[in-house]
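Chemist: One structure, as structure tokens, below. Some questions next.
The values are calculated or read from the model by the stated rules, or taken from the named source; none is laboratory data. This one's a predicted model, so the numbers in the text were calculated from it and none came from an experiment. Cβ placement follows ideal geometry from the backbone for every residue including glycine, while neighbour counts extend to all protein chains displayed.
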């Protein structure tokens, strides 16, 4: 992989005098300091010299030129990455790999005023489980909304493994609009996945538990513990999940893992891999084997094949029972009616990825050396013919492994997830071997392995989960970064490596540290599919999409209205003052601040922070916020605009006084 | 600024065939899609072609090569940036400008397990004001600890403008160890600044209020509202602020703004600029002028000159009063004893920056066109000679402006902050004009202006606040980014622009979007000054620095101990299981989980999440955590490792059962 740079390459006198002086500082600064180095190389030099002074190879230069995005030019793609246990979503540009935004989703985020006294509090409050407020999540799998199997750039869905929840992010303003708690399960993993037209957001459970989370001793694991596949009905018009129209399919207590929805010919079907069909529950304190070994005994676990269109019909036909207010199709019914069918999966299965043409499902194996390719047509035929080799203890029919697969691909030790390009190649992440394995869907042969740094978990490709992947880029989502970046203490960043897949050989272009959360999965969409707004309608409440009834559209309409111990403040914000800027209440009063930004210009953002009261909202142009709190601490408290909104931004302030009883 | 690349530059056949095919996709994808484009340009091409295909100029290529840091090579400098109203600190590498870490400081951060049931809860709880838990901050000014006026890489201090607090971050593990609430003020701004040997962390108030925050009507503003300069004593041995040994200096109700500590010859002194000596309090609802105009009437506000060494002595001598348990040197004493002296500052002053040699203080003016350079020797002489032109209404002596200054520099409209290089140049951020102005400290003439994008607030230079700045890099911290990046909704990222200052002309190398919080100030330190650890001592509690008394150093020592309704779980974590992995308690029990990571390898991190209980801690190698909560919800709840710690990480789980009453 050589790329020769002739001596003839002279990078203009003056400029390169500078360039090289600058670059050489990095080598010489230790001994001599920048001054000594400056101009050391005279007034003219070559790119080669600049490369030498920075210790860059020719491949580095090419990678630099391929990933550099000048200010004023946007990126080509946008990545939406799960923030893992940060509870958030990370937005990253490609090819620059710059973090463009952290979207507050499950965890409060004060910069966005998300969860600090304003309207967004309702979104977070709706995410309570068992009546308990939960202020974090373990976000695993983001999925973009699709139309006809292609990303449409309208919505993003993510799941919370730790608390069994799903969130809806609106991509017109990049704001989280809804969090839906699952009333049945205590964790999820396979989700959030959408069907090709986003009729449903699919969430499948991970660690089995009694449905509804009622107490049952572990001795009842096999009898009373269960998994579920949730089908959350998505109302695209409202941009919200419609809980009433949603339903669940009960599953055996095999630890369900990852899921994917069928597409094209397999639309109407869903697939979930699983592990721990041994139903191991550990017991390490008593000297029993931990789950990691207990769950690795069987040579085969089960791929779950779900006919969700049929499940939907059966639920309509009244075949569902109701648990915690949620319609659940019982396991018995699913087994009998062909809604759920199982087929073997080798050696600690992981990953479950439907090919772009919808004809196959690829499953890895953490302790296997193969990726197994299941043929949908074969499985469909076996199910239609009721040709099974038996049933499990829950009455679920089991297909014959060999009859259900298209074949197995020799990959390497520990294949996990698989993504696809536009040329018929698949790319599988191989954790133990720390490589990306490229293989041909056509002949199911591995053609190349690219070492990555280090311990790749998920892998992602440009528009890779659609019916028409773009190819060009793959991102290795590496779990460890040891020696890749400057040290920032014992908690290391993850490492996204952008891989150029356009050539005969894969090439790593850039290492991108992820210094917040542990991304699991992510998706990459072409920039031009996104149509974000730059301002809200005057007085718009982003959570209703309408002008708020309490909006104050003119400064002259600002007022303070007292009713007994309730004080309603109708307030405006515009460069660089608030009306009113003096508010006095009595200790114990309930205070409602109805605050509208009168700005309309792009990027002209204000904030409203009320000192000591844990109140902070962000006011993008046109936005209206309703803030409510009890004035329970007497004294003098400033409020101010948290944004550097003008030269006199520090003067955009006022006083909130609470008169003691 | 041309840099010519000769045709002779051929970047090796095969590779560049790839390179160009890849690059050309970006142009052609829209019309034809990647396939059409691939290989379109054949098997060989030049860097020039790659540049053309990506629309890069030669300056872009040079910038790309100067900022690209290959994986496996660290950055040269590290930026510690305030996270603004995210409440956190951002760690960024230079020259790559990659975000390496978001450090949880004032806001809970679940990835780091910061504020989710473990030991760190105590740090956040200590930050309560008026007995109220506060879960965010408006972080403005980070300051690195110094020894003899140079960064020593040991600690970072930041202030919270919204709630009057200061935090201490330990740079051995990049963890927040202490949050100290200021009992006197309702907001701060000038801080956290350290003196040259970090004896004190200095925090100065912003919006005046009655000291101790007691209620006083706004009509009492002039009589009862005050500012303060807090001098928090730092105990370097303990790595904590010693509140007992700290003191405050009472200030007039002029809105104090930014502060800086003297160095070398001016060590022992502190300087604070101010605005709103008019003491305007708005009244917009009653049609009175807002503060932005009320505070802009006077031609001059006051630079505050504080002899803190003398203040320290007077406090020792018992001249301080006590408010809310804090020693406060009264304004009257400060005025009489020469602790506080004032001198005029033109036109809405902003910024307050001591030159590296300690001989001068530079102050900008938001509505001025000059930066004013105050001469410390002249001011010291006037103070020693008691040569004043009068006193303010609070009895504070005022120096003559002309007698106190070295001169004024014609900068441009709206100069704010000033930083310094190693060659005698100063760089001032100019907000309204949106430029960086470079000027000579020697002859006080502006030599160059660089347009930035857009509306620069703070500016920062490599080791720029030390007695020996490095030069080489300046960072323009721009407040607006309008058209600089791909759109992410109405809330735009800030824009850090890395500026190369080594040449005859300044050059912007790269735009870095800041997609979380609004950074105010930041500091940049040479990487080799930082000595972060990669693991804790076995069983170490990071908040005590010692092996925790409840640490479990061997799996065989794991146990569950019940005493009445209290259950103590002594637990271990190592790839890939917990001991114990089954915990059953009764509804209402108090549960204490004492959890130790038995790992020691670099980057081998585990997590512990307890579903539905809002419990989540991060377990870096060796770390011990103590978790306490009430088991108030009956049912079955999994717990699991939140990190992808091994191929079988999903199996690193267990069950927490709560038996109903």
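Chemist: Scan the stretch A:73-127 residue by residue and report those that are more than 9 Å from chain B (Cβ to nearest Cβ), free of Cβ contacts under 8 Å to residues at least 60 places away in the same chain and within 26 Å of residue A:621 (Cα to Cα).
Modeler: A:121, A:124, A:125
Chemist: Of everything in the stretch A:170-205, what is modelled with pLDDT under 95 and within 10 Å of chain B (Cβ to nearest Cβ)? Give them in sequence order.
Modeler: Correct list: A:185, A:186.
Chemist: Please work out if residue B:488 is over 22 Å from residue B:415 (Cβ atoms) and modelled with pLDDT of 95 or more.
Modeler: Yes.
Chemist: I need the full set of residues from the stretch B:212-227 which are within 31 Å of the chain's Cα centre (by Cα) and within 8 Å of chain A (Cβ to nearest Cβ), in order please.
Modeler: Within the stretch B:212-227, B:213, B:214, B:225 meet the criteria.
Chemist: Still on this structure: Given the condition touching a strand residue (DSSP E or B) at 6+ places or on another chain (Cβ under 6 Å) and part of a strand (DSSP E or B), answer yes or no: does some residue in the stretch B:483-494 qualify?
Modeler: yes
Chemist: Spot the failing condition for residue B:191; the list is (1) outside any strand (DSSP E or B); (2) within 25 Å of the chain's Cα centre (by Cα); (3) at positive phi, and only one is missed.
Modeler: Exception for residue B:191: condition (1).
Chemist: Go through the stretch B:463-493 and report how many residues are more than 15 Å from residue B:353 (Cβ to Cβ) and at the interface with chain A (Cβ under 10 Å from one of its Cβ atoms).
Modeler: 21
Chemist: Something else about it: Quick one: would you say residue B:655 is facing chain A (nearest Cβ under 10 Å), part of a loop (DSSP other than H, G, I, E, B), surrounded by 23 or more Cβ atoms within 10 Å (Cβ to Cβ) and more than 31 Å from the chain's Cα centre (by Cα)?
Modeler: no
Chemist: Here is a list of conditions, (1) under 21 Å from the mean Cα position of the chain (by Cα); (2) surrounded by fewer than 23 Cβ atoms within 10 Å (Cβ to Cβ), and residue B:600 meets all of them except one; can you say which number that is?
Modeler: (1) is the only condition that residue B:600 fails.
Chemist: So is residue B:331 within 24 Å of residue B:233 (Cβ to Cβ), buried (at least 18 other Cβ atoms within 10 Å of the Cβ) and modelled with pLDDT of 95 or more or not?
Modeler: The answer is yes for residue B:331.
Chemist: Can you say whether residue B:447 is assigned by TED's automatic domain parsing to the domain that holds residue B:138 and either over 21 Å from the mean Cα position of the chain (by Cα) or surrounded by fewer than 24 Cβ atoms within 10 Å (Cβ to Cβ) (or both), as far as the supplied structure shows?
Modeler: yes
Chemist: Let me ask another. Yes or no: residue A:460 in contact with a strand residue (DSSP E or B) (Cβ under 6 Å, 6 or more places away or on another chain), away from chain B (no Cβ under 13 Å), assigned to a strand (DSSP E or B) and within 16 Å of residue A:355 (Cβ to Cβ)?
Modeler: For residue A:460, the condition - in contact with a strand residue (DSSP E or B) (Cβ under 6 Å, 6 or more places away or on another chain), away from chain B (no Cβ under 13 Å), assigned to a strand (DSSP E or B) and within 16 Å of residue A:355 (Cβ to Cβ) - is met.
Okay, residues lined up against (1) surrounded by fewer than 23 Cβ atoms within 10 Å (Cβ to Cβ); (2) more than 21 Å from residue A:109 (Cβ to Cβ); (3) touching a strand residue (DSSP E or B) at 6+ places or on another chain (Cβ under 8 Å):
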| position | (1), (2), (3) |
| --- | --- |
| A:126 | yes, no, yes |
| A:131 | yes, yes, no |
| A:136 | no, no, yes |
| A:170 | yes, no, yes |
| A:187 | no, yes, yes |
| A:191 | no, yes, yes |
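Chemist: Only one of these is free of Cβ contacts under 8 Å to residues at least 60 places away in the same chain and touching a helix residue (DSSP H, G or I) at 6+ places or on another chain (Cβ under 7 Å): B:359, B:341, B:369. Name it.
Modeler: Every option except B:341 fails the conditions.
Chemist: Is there a residue in the stretch B:542-551 that is touching a strand residue (DSSP E or B) at 6+ places or on another chain (Cβ under 6 Å), at the interface with another protein chain (Cβ under 10 Å from one of its Cβ atoms) and in contact (Cβ under 8 Å) with a residue 60 or more places away in the chain?
Modeler: yes
Chemist: Give the residue that is surrounded by the fewest Cβ atoms within 10 Å (Cβ to Cβ), with candidates limited to residues of the stretch B:52-72 that are facing another protein chain (nearest Cβ under 7 Å), outside any helix (DSSP H, G or I) and within 31 Å of the chain's Cα centre (by Cα).
Modeler: Among them, the one singled out is B:72.
Chemist: Mind listing whichever residues of the stretch B:498-514 are buried (at least 24 other Cβ atoms within 10 Å of the Cβ), farther than 24 Å from residue A:176 by Cα and free of Cβ contacts under 8 Å to residues at least 60 places away in the same chain?
Modeler: The answer is B:502, B:511.
Chemist: In the stretch B:410-424, how many residues are surrounded by fewer than 24 Cβ atoms within 10 Å (Cβ to Cβ) and touching a residue at least 24 places away in the same chain (Cβ under 8 Å)?
Modeler: 5
Chemist: Still on this model: Of the residues that make up the stretch A:496-513, is at least one within 21 Å of the chain's Cα centre (by Cα), facing another protein chain (nearest Cβ under 7 Å) and assigned to a loop (DSSP other than H, G, I, E, B)?
Modeler: Checking the stretch A:496-513: not a single residue is within 21 Å of the chain's Cα centre (by Cα), facing another protein chain (nearest Cβ under 7 Å) and assigned to a loop (DSSP other than H, G, I, E, B).
Chemist: May I pose another question? For the stretch B:312-427, give me every one of the strands (runs of 3 or more DSSP E) that falls completely inside it and has 3 or more residues that are within 14 Å of chain A (Cβ to nearest Cβ) and under 22 Å from residue B:469 (Cβ atoms).
Modeler: Passing ranges, in order: B:349-354, B:415-420.
Chemist: Any idea which of (1) assigned to a strand (DSSP E or B); (2) over 17 Å from residue A:626 (Cα atoms); (3) facing chain B (nearest Cβ under 9 Å) is the one residue A:609 doesn't satisfy?
Modeler: (2)
Chemist: Something else now. Only one of A:589, A:568 is more than 8 Å from chain B (Cβ to nearest Cβ), more than 39 Å from the chain's Cα centre (by Cα) and more than 27 Å from residue B:276 (Cβ to Cβ). Can you tell me which?
Modeler: Exactly one residue qualifies, and that residue is A:589.
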